[in-house]
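This report refers to the structure that appears directly beneath it.
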Amino acid sequence: MAIEKDLNTYTLNQGETFIVDTNVWIYLFSPFSTNSFGYQKFLSEAQNKNCKLFINSQIISEYINVICRTAYENYARTYRLNKNNFKFKRDYQQTSDFSHYYQLACESVKNEILKYSEILPIKQSHIDSSLNDYDQMKDYNDLLYTKMLTSDIKIVSHDRDFGNHPEDIIWIHY
């Protein structure tokens, strides 16, 4: 069963390694975030203790997509557009609003997230293991991240789904 640690009481050790989930980066850097839930403190402490923070291509993709989808929701609400008629890909992606938020999200990854983290490549074995153990979690991306964890790598996520993981992963959150 997942080993849950609360960042309010957990002490980071020098040089620890973590995969940092998309939701943490959203709380820290999204233009739509209204609360960092304390993760700014984690980020600062991780830097001070020379911890390694990892992301992967799926975390980057999720981050950019969440920002663009949130911008779409706001745009549709602001202009009172019916989303049955005003589609994300067909319509919203053609707007300057989409271009603005897409660029902003990409720049945020480049200038903020990658400033604090490194890319941890997804290996074939991670994918195979995730597909074989699909019943362990209902979110494939989250499951894949758990397959990338080792005894030295923990996951930092605000996602409560990790608490139900049947293996002894270490899940840290506020």
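Note on region 89-174: percent of Cα-Cα distances in each 5 Å bin, starting at 0 and stopping at the bin with the largest distance, equals 3, 12, 17, 16, 15, 14, 13, 7, 2, 0.
Helix 39-48 and the long axis of the chain differ in direction by around 50°, with both axes built from C-alpha atoms.
Dividing the helix sum by the residues of the chain, where each DSSP H run of 4 or more adds -39500 (n - 2.57), gives a mean residue ellipticity at 222 nm of -12500 deg cm²/dmol.
Legend: residue pairs LYS52/LYS115; LYS52/LYS123; LYS89/LYS138; LYS5/LYS147; LYS89/LYS110, Cα-Cα distance threshold 21 Å; pairs beyond threshold, LYS89/LYS138; LYS89/LYS110.
Compared with the dominant Cα axis of the chain, that is its longest principal axis, helix 96-108 is turned about 20°. Based on every Cα atom in the chain, Rg and the maximum pairwise Cα distance Dmax equal 17.3, 53 Å. The residues neighbouring LYS83, those whose beta-carbon lies less than 14 Å from its own, together hold a net charge of +4 under the Lys/Arg +1, Asp/Glu -1 convention.
No value in this document is a laboratory result; all are computed from the given coordinates. This structure is a prediction, so every number in the text was calculated from the model and none was measured. Positions of Cβ are backbone-derived with ideal geometry, glycine not excepted, and every protein chain shown enters the neighbour counts.
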